[in-house]
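Read the structure below first, then the notes.
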Amino acid sequence: MTNDIEDLQETYPGAGTFRFGDSAELCQRLIALVRQGKKTATCGAASDFDDEPEAMPVVGRCDIAANWDGTPALVIRTTKVETVRFCDVTEEMALAEGENDALVGWRKDHKAFFKRNGEYDPEMLLIFEHFELVEDLAGREL
């Protein structure tokens, strides 16, 4: 896997690597939504970036979304980054994540996600990232 990432970083200098979700099943479901064009945003707790500020999304930078096993799946480019409280996420933002049909579903699912990962507060700060798919690595010879 390391060689694959190194090869990709020659093509996409400065790219970081991350995984969507907190389980293999969720990760693959979210990657599929990106591939289908339904998921064009993601978010994480702002506190997750305290110990890894270099992982913070940067407008214009490409990053590599990995499968749960760490193999590269997608290359995305950040188009917009917002800091927003959980309770202030709009329906438009929630729908851009592509996981739910309405804000109420997004809130329910994301509240459960943040609770599973040890942090939920309706006023917690989120880093909300909008992105575009640059390359689907499914068929690429790395």
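Computed from label points 7 Å out along Cα-Cβ, the spacing between ASP22 and ASN117 is 0.7 nm. To the nearest ten degrees, helix 24-35 and the longest principal axis of the Cα atoms of the chain are 80 degrees apart. The long axis of helix 2-11 is offset from the longest Cα principal axis of the chain by roughly 90 degrees.
Could you calculate the FRET efficiency of GLU54 with ASP7 from 1/(1 + (r/R0)^6), where r is the beta carbon distance between them and R0 is 22 Å, rounded to 0.05? After rounding to 0.05, the efficiency reads 0.60. Note on LEU33 and ARG107: the model spin-label points, each 7 Å out from Cα along the C-beta direction, lie 1.8 nm apart. Counting only residues at least eight positions apart within a chain, or on another chain, the lysines with an alpha carbon under 17 Å from that of LYS39 are LYS80.
Between CYS87, CYS43, CYS62, the residue with the greatest mean-square fluctuation in the GNM of the chain (Cα pairs under 10 Å linked by springs) is CYS87.
With helices as the sole contributors, the chain gives -9000 deg cm²/dmol at 222 nm; each DSSP H run of n ≥ 4 counts as -39500 (n - 2.57), and the sum is divided by every residue. Build a GNM of the chain with springs between Cα atoms under 10 Å apart, and of ASN117, ASN100, ASN67 the one that fluctuates most is ASN117. Near VAL134, the amide H atoms lying under 5 Å from its own belong to VAL75, ILE76, ARG77; only residues 5 or more places off or on other chains count, and H is placed 1.01 Å from N.
Answer rounded, prolate or oblate for the chain, using the Cα gyration tensor with square roots of eigenvalues a ≥ b ≥ c: rounded when a/c is under 1.5, else prolate when a/b is larger than b/c, else oblate. Prolate, because a/c is 1.5 or more and a/b exceeds b/c. What does the charge count around ALA32 come to, taking other residues whose C-beta lies under 12 Å from its C-beta (Lys +1, Arg +1, Asp -1, Glu -1)? Combined, the nearby Lys, Arg, Asp and Glu give +1. Note on the chain: antiparallel DSSP beta bridges, both residues inside, total approximately 90 percent of the bridges counted.
FYI, it's all coordinate maths here, none of it is from the lab. Quantities reported herein were computed from a predicted structural model and do not represent experimental measurements. Because the Cβ atoms are built from the backbone with ideal geometry, glycine has one as well, and the counts that use them run over all protein chains shown.
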